[in-house]
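*Asks:* For reference, the structure I am asking about is given below.
The values are calculated or read from the model by the stated rules, or taken from the named source; none is laboratory data. Keep in mind it's a predicted model, so treat the numbers as computed, not measured. Glycine also receives a Cβ, built like all others from the backbone with ideal geometry; neighbour counts cover every protein chain displayed. What goes into the accessible areas is simple: the full protein's heavy atoms, side chains included, and nothing from ligands, DNA or RNA. Shrake-Rupley method; radii C 1.70, N 1.55, O 1.52, S 1.80 Å.
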Number of protein chains: 2
Amino acid sequence: MVTMGDVARLAGVSKMTVSNVVNNRDGVSDLVRQRVLDAIERSGYRVNLSARTLRSGRTGVIGLAVPEIDLPYFSHLAELVIGAARRRGYHVTLERTGAVAAGEAGALAHSRLLQFDGLILSAVALDGLDERLTDAGHPIVMLGEQDFGGRFDHVAMPNEDGVRAATLHLADQGCRRIGIVTGAPRDGVNVITRRYHGYLAALAERGLAADPPLLLPLNDMTMEAGRAAAHRLADAGHEVDGLVAVTDTVATGVLRGLADRGLRVPGDVRLVGFDDVPQSRFLVPSLSSVAPDHRWMAEKAVELLVERIRAPHRPTGAYVAPFELVVRESTR
Amino acid sequence: MVTMGDVARLAGVSKMTVSNVVNNRDGVSDLVRQRVLDAIERSGYRVNLSARTLRSGRTGVIGLAVPEIDLPYFSHLAELVIGAARRRGYHVTLERTGAVAAGEAGALAHSRLLQFDGLILSAVALDGLDERLTDAGHPIVMLGEQDFGGRFDHVAMPNEDGVRAATLHLADQGCRRIGIVTGAPRDGVNVITRRYHGYLAALAERGLAADPPLLLPLNDMTMEAGRAAAHRLADAGHEVDGLVAVTDTVATGVLRGLADRGLRVPGDVRLVGFDDVPQSRFLVPSLSSVAPDHRWMAEKAVELLVERIRAPHRPTGAYVAPFELVVRESTR
DNA sequence: TTGTATGCGTTATCAG
DNA sequence: CTGATAACGCATACAA
C-alpha cells in the first residue's frame, strides 16, 4: 500500500505537506503543491480513510435505515436521501431493518459501531418510549412514521391530514360507504393510528358512518396483503363504494384483488392510495394518491442530521412534510 | 469516547487483556474475563472499527453499485444481496451509478477509497475495454449486464435465452407480428444487443419476419419511455399482436400506453416482460415475464466476491442465472 | 495467564 | 510556507 510517507519521499517533502495538499488546505506553495500532485499521480496513492477517521473522528458516512429496500416508497426515498447527502459531502449507507424493533435498534447500534457520523432512521416499530433509544449522543434523525415525543429531530409524513384529504375527496366524489385498508391497530401514536384518525375525522366531517366491516386491517403492508383484503371485502358482500389504502403498495394489491373479483375501479369502487410512488401513475387504472413531498422530506432529514452532527446539543425539531392529493383515474 | 484503555483501567488489567476478551480469544481466565465484561458493560465501551481496520486492513463492508435504486429490479436485487452478504458476515453499502460510465467508474474508485473489502458492480455502461477498469487488485464481481471478456468474475442474466423464450412463447400463443421495445442499439456486446439477438433468433426459429417498424428503441428504460413507445406504435397504425418489453419496468409503461390508446392486453396485443419484479403479478392484467433467479444471482455474486477477497488471484468465473418464463394474463 | 513495546496511516500542534 | 513530533485506538510480537 502506498502511504503518505511514500509520496512525501517521492516529492521530497514531509508527510504533513502531502496531507495539506490532499486536503486542499492552503499554505502550500504552488510549486510544492504541483510536485506533490505529480508524486501522488505517479505512485497511485489513495488516502486511507480508516487512518483519517481514526485521527479526525469522522467518517463522512451517514446511515439510512429503512424497513425494506424493495418497497417502492423506500427505494424512492433512499434515492432522494442519497442525492441530498451527496450534495453535502456525505456518503450514504443503506441498511434494512425488516420493520421490526430489533432491526431498528440494530441499525442504531450498527451506526455507532461503524462510526457513521449520523443515522436517518425510518422507524415503524420503535416508539419514543423504547429503552433501546436511550443511548444518546449519536446524531439521529427520525424519518416519517412514529412519534418520539421530541426526543429526536423528526421529519414526519402528513399521516392524519393526508388520509383525511383522501377520504374527503372520496366523499366529494359521491362515495357514501368508504372503507380503509390499513395496518392492524397498535397502541400508541403511530402511522397506523394516525392515518386511521384522519379517516375517521373526514367521515365525521361529511356526516358519514364508520362501519366496522369496512375497516380492513392488514398484518403487513404488502401488495399480497392488499389483494387478500380486497378478496375478503368482496367475498363478504359488504356494500362499499370507496376505499382508502394505507400505502400505494397496498393499493396496488387492492386494485388487483378487486379486479380478481370483477369489481371495476372507479366504476364500482373508487380507490385512493398514499405515497404517490412512481409507478402509481402507470397502473391501469392510474391511482389517485396522497403525495407527500418526498424530496422535501429527504432534504430536510439530511439537513437536520448535518446540523446535529455539527451541533449535537441543539434543541430538536419536528417537521411535517407538505403534500398534495393527486387525482387520477381510480377516483374519477 | 470510551477506549480499551479506559476499560482496562476500570477492570484493573492491561489493554491487551481487554482486546483478548473483546475478540473472544482464549488465554484469559474466567475471572478476569468476567471482570472485563463488567467493565465494558459499565463504561458502555464499543470497539472502534476504524482503529481495528487500520490494523487489520479489512472493513467487513462490501459495496453494491447499481444504476438506480428506485427501479424495482435493482431494489429487489439489493435486498437479496444484502441478505446474502449478511449471512457471510459482511455489511453492504449501496451506491448509485446513474447508469452512466462515469458513475460506474466512480463507484469503483469510491469502493477503493472507502476501503470496502470488495465491490459488486451492476454495470450497464462500462464494458470490458474501458480503461477505467484497468486498475486491478480490488475485488470486483460484475453483476448482470455487460460482457467483460473474462477480466472479472461475472454473474450474468440469461439475456439472449430469456428473450428468445419470451418471443417463442408469443409465437406459440399465435402471435405473428411480434415487436420488441428495447434500448437504443449500441455497439458491443451488451444487454441490449443480447436481448435483441434473442428476439431475432426466436423469430427465425418460427419463420417469422423481423419488421423494422416493430423495433421500438428507447433512450432510457423507464416506465415513461415504455408508455411513449406504445403510443408511437399505436399511432403509427402498424399491425402488431405481440410485444416483448426489455424489462418489466418498461412493460409497465407499455401496458399503460396501450390502455391509453384503447388496445386490450392480451386481446389485441400480448405482452411479455423481463425480470419478473414483485409487482408484475399484481398488474392488471398481470404480466408474463422472464424470471431470472434473482436469489441465485445475489447468492452467487456475494459468494464469488467473498472468495475473491480471500484469494485475490483465483481465475475468474462467469455464470449465467437460470430462469423460467412465468406465464400470466398478459399472454393468455 | 497477563503485560509491554511498537506501529498501522493520518492529522493537529507548534516550531522553524 | 514547511517540517518534526506526537497522538488517534487497536492488535501483533514477544517478554514476564
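*Asks:* Could you sort the residues of segment A:246-266 by number and keep only those whose accessible area is reduced by 30 Å² or more in the all-protein-chain setting relative to the chain alone, 1.4 Å probe?
*Replies:* Buried by 30 Å² or more upon assembly, which counts only protein chains, are A:Arg256.
*Asks:* Run the label-point distances for A:Ala201 please: 7 Å along Cα to Cβ, every other copy, nanometres, shortest first.
*Replies:* Those label-point separations list as 5.9 nm.
*Asks:* Next question, about the same structure. Counting only protein chains, not ligands or nucleic acids, how are A:Arg328, A:Arg206 ordered by accessible area (probe 1.4 Å), most first?
*Replies:* Correct descending sequence by accessible area is A:Arg206, A:Arg328.
*Asks:* With all protein chains present, how much of the accessible area of segment B:131-228 (probe radius 1.4 Å) comes from carbon and sulfur, to the nearest whole percent?
*Replies:* In segment B:131-228, the share of accessible area belonging to carbon and sulfur is 50 percent.
*Asks:* Find every distance from the label point of A:Val327 to the corresponding label point in the other copies (7 Å from Cα along Cα→Cβ) and write them in nm, one decimal, shortest first.
*Replies:* Listed shortest first, these distances are 4.4 nm.
*Asks:* If you add up the charges near B:His294, with Lys and Arg at +1 and Asp and Glu at -1, over every other residue whose beta carbon is less than 11 angstrom from its beta carbon, what do you get?
*Replies:* Charge balance in the 11 Å sphere: -4.
*Asks:* Across the Cα atoms of chain A, what radius of gyration and what greatest pairwise Cα-Cα distance (Dmax) are found, in Å?
*Replies:* My reading of the Cα-based Rg and Dmax gives 25.1, 85 Å.
*Asks:* Go through A:Gly253, A:Leu10, A:Val141 and say which Cα lies farthest out towards the positive end of the charge dipole of the protein assembly as shown; charges sit on Cβ, +1 for Lys and Arg, -1 for Asp and Glu.
*Replies:* Result: A:Leu10, furthest along the dipole toward the positive end.
*Asks:* log₁₀ I(q)/I(0) of segment A:36-90 at q = 0.14, 0.24, 0.30, 0.31 Å⁻¹, via Debye over equal Cα point scatterers, no solvent, to two decimals?
*Replies:* After summing over all Cα pairs, the log10 values are -0.62, -0.93, -1.07, -1.09.
*Asks:* When only DSSP loop residues count, what trypsin sites (Lys or Arg not before Pro) in segment B:221-267 have their Cβ near at most 10 other Cβ atoms within 10 Å?
*Replies:* Here the trypsin sites (Lys or Arg not before Pro) that fit, given the DSSP loop and packing criteria, are B:Arg264.
*Asks:* Determine the distance separating the Cα centre of segment B:118-173 from the Cα centre of segment A:315-332; give it in Å without decimals.
*Replies:* Between the Cα centres of segment B:118-173 and segment A:315-332 lies a distance of 40 Å.
*Asks:* What are the distances, in nm and sorted shortest first, from the label point of B:Pro212 to the label points of the same position in each other copy, with each label point placed 7 Å from Cα along the Cα-to-Cβ direction?
*Replies:* Label point to label point, same position, other copies: 6.9 nm.
*Asks:* Which FRET efficiency, nearest 0.05, do B:Arg186 and B:Arg87 yield, Cβ-Cβ r, R0 35 Å?
*Replies:* Computed FRET efficiency for B:Arg186 and B:Arg87 comes out at 0.45.
*Asks:* Nearest 100 Å² is fine: what is the total accessible surface buried where chains B and A meet, probe 1.4 Å?
*Replies:* Summing both sides, the interface buries roughly 4300 Å².
*Asks:* Starting from 0 in steps of 10 Å, tell me what percent of the Cα-Cα pairs of the protein assembly as shown lands in each bin.
*Replies:* Spelled out bin by bin, the protein assembly as shown gives 3, 14, 22, 23, 19, 11, 6, 2, 0 percent.
*Asks:* Where only protein heavy atoms count, and the probe is 1.4 Å, what is the accessible area per residue for the protein assembly as shown in Å²?
*Replies:* Ligands and nucleic acids excluded, the figure is 41 Å² per residue.
*Asks:* Check which residues have an amide H placed less than 5 Å from A:Tyr319's amide H, if you skip close sequence neighbours.
*Replies:* Amide H neighbours of A:Tyr319: A:His154, A:Val155, A:Ala156.
*Asks:* Stokes-Einstein diffusion coefficient for segment B:4-47 at 10 °C in a medium of 1.306 mPa s, Rh from the Kirkwood formula over Cα pairs: what value in µm²/s?
*Replies:* 162
*Asks:* For segment B:175-306, just list the percent of Cα-Cα distances falling in each 10 Å bin from zero outward, please.
*Replies:* 12, 42, 33, 9, 3, 0
*Asks:* Moving on. Calculated from DSSP H runs of 4 or more alone, at -39500 (n - 2.57) each and per residue, what is the 222 nm mean residue ellipticity of chain A, nearest 500?
*Replies:* Result for chain A, helices only: -13500 deg cm²/dmol.
*Asks:* Mind checking segment B:64-126 for trypsin sites (Lys or Arg not before Pro) that DSSP puts in a loop (not H, G, I, E or B) and that have at most 15 other Cβ atoms within 10 Å?
*Replies:* Taking segment B:64-126 and a limit of 15 other Cβ atoms within 10 Å, the loop trypsin sites (Lys or Arg not before Pro) found are B:Arg88.
*Asks:* Moving on to the next point. Would you kindly find the accessible area of A:Leu64, with a 1.4 Å probe and non-protein molecules such as ligands, DNA and RNA excluded, rounding to the nearest 10 Å²?
*Replies:* Counting only protein heavy atoms, A:Leu64 exposes about 0 Å² to solvent.
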